[in-house]
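All remarks here apply to the structure that follows.
The values are calculated or read from the model by the stated rules, or taken from the named source; none is laboratory data. All figures in this text were calculated on a predicted structure; none of them were measured in a lab. Cβ coordinates were reconstructed from backbone atoms using ideal geometry, including for glycine residues, and neighbour counts include every protein chain displayed.
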Amino acid sequence: MLMRDLSEQNGIKSRMDINLFVLFVEHRELVLPHDEKHKLSVVMEKLIKTFLPDRHYHNDLRFIKYCIRYLKDSKNFCYLTLDPNTTHRTLILSEKNRVVRDSEREQKYSDHPERFDSCRQVLCKESVCGRCYWEVEWSGDVVYISVSSKDISRKGHGFECVFGFNNQSWSLWCSSSPLSFYHNNIKTDLRVPSPSRIGVYVDHSAGTLSFYSVSDTMKLLHRVHTTFTQPLYAGLWVDLRSEVRLCGPE
């Protein structure tokens, strides 16, 4: 009965409704019959579309944690691979193009028009349009966890090539210092430590880009509200002695 009521268009309207719903499914999810699990998916899709981008729910940790768990188990989770044709010559890909590290030495990669020739960057092959969620784990000195249009420049040393320093890309700067966010060469200090595992969620039609700390206590790190006019691709900037891994849904 509750699942049927909540699956109606206006079944959930408030934070109390959401907390009741999450509490209910946390205790009943494993024993729900098949038709109820389908209704659960319908409700979750509506919640994610309507409430996850809402600023009023930024600190609702139970809700965020359950949404991320659902995204990891649903069609919205993106299994991404790094594109060798875009890889800067000092970067090395491994584990079926799911891990990238800086080698501090140029590799003998072929010339390719899509290769970054000056910035230690790489793009993923798959676009992240629609609603997409993925996670990365990083180690080392400095990495940028980014989203970019495919039209970003690949050649030269200018800001037009660097993730976060132009109007075609958005970038979370991770290091031993507190997190920072860059877009169009504008820096936003987030004043929180850099977690080692980060979730990224894009809702292309809603114009939202969100970064989450992935741990036992899920936390929203930063969210952007904008208008995306082109397909987007996940990207990484990897400094010396650094490594980034694209994680699975486990």
- [ ] Among the candidates 191, 223, 241, single out the residue that is of a type in the set (Lys, Arg), under 20 Å from residue 128 (Cα atoms) and either in a loop (DSSP other than H, G, I, E, B) or in contact with a strand residue (DSSP E or B) (Cβ under 7 Å, 6 or more places away or on another chain) (or both).
- [x] 223
Open item on the list: Going residue by residue through the range 149-165, is there one that turns out to be crowded, with 22+ Cβ neighbours inside 10 Å, in a strand (DSSP E or B) and either β-branched (Val, Ile, Thr) or assigned by TED's automatic domain parsing to the domain that holds residue 241 (or both)?
Closed with: no
TODO: Taking residue 70 as the residue in question, decide whether it is modelled with pLDDT under 95 and surrounded by 14 or more Cβ atoms within 10 Å (Cβ to Cβ).
DONE: yes
Open item on the list: Under 9 Å between Cβ atoms, which residue pairs at least 6 apart in sequence (or on different chains) link something in the range 170-182 that is within 13 Å of residue 140 (Cα to Cα) with a partner that is of a type in the set (Phe, Trp, Tyr) and part of a strand (DSSP E or B)?
Closed with: 173/144; 173/181; 173/182; 173/237; 174/138; 174/144
Task: Criterion: of a type in the set (D, E, K, R) and within 16 Å of residue 171 (Cβ to Cβ) - qualifying residue of 239, 216 - done: 239
- [ ] Could you pull out the residue among 156, 140 that is free of Cβ contacts under 8 Å to residues at least 40 places away in the same chain, at positive phi and small (Gly, Ala, Ser)?
- [x] 156
Task: Number of the exception - residue 126 against (1) modelled with pLDDT of 95 or more; (2) over 18 Å from the mean Cα position of the chain (by Cα) - done: (2)
Open item on the list: Considering only the range 204-213, I want to know if a residue exists there that is surrounded by fewer than 17 Cβ atoms within 10 Å (Cβ to Cβ), of a type outside the set (Val, Ile, Thr), in the same structural domain as residue 166 (by TED's automatic domain parsing) and free of Cβ contacts under 8 Å to residues at least 24 places away in the same chain.
Closed with: yes
Task: Positions within the range 173-188 being surrounded by fewer than 16 Cβ atoms within 10 Å (Cβ to Cβ) and either in contact with a His (Cβ under 9 Å, 6 or more places away or on another chain) or outside any strand (DSSP E or B) (or both), in sequence order - done: 176, 177, 178, 184, 185, 188
Task: Conditions (1) assigned to a strand (DSSP E or B); (2) under 16 Å from residue 244 (Cβ atoms); number of the one not met by residue 170 - done: (2)
Open item on the list: So for the range 185-203 (the condition being among the acidic types (Asp, Glu), closer than 20 Å to residue 100 by Cα and either assigned by TED's automatic domain parsing to the domain that holds residue 88 or touching an Asp or Glu at 6+ places or on another chain (Cβ under 6 Å) (or both)), does at least one residue qualify?
Closed with: no
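This table checks each residue for (1) in contact (Cβ under 8 Å) with a residue 24 or more places away in the chain; (2) acidic (Asp, Glu); (3) in the same structural domain as residue 173 (by TED's automatic domain parsing); (4) surrounded by fewer than 16 Cβ atoms within 10 Å (Cβ to Cβ).
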| residue | (1), (2), (3), (4) |
| --- | --- |
| 89 | yes, no, yes, no |
| 95 | yes, yes, yes, yes |
| 101 | yes, no, yes, no |
| 105 | no, no, yes, yes |
| 108 | no, no, yes, yes |
| 111 | no, yes, yes, yes |
| 118 | yes, no, yes, yes |
| 122 | yes, no, yes, no |
- [ ] Output the residues belonging to the range 82-115 that are in a loop (DSSP other than H, G, I, E, B) and touching a strand residue (DSSP E or B) at 6+ places or on another chain (Cβ under 7 Å).
- [x] 83, 87, 88, 90, 97, 98, 103, 107
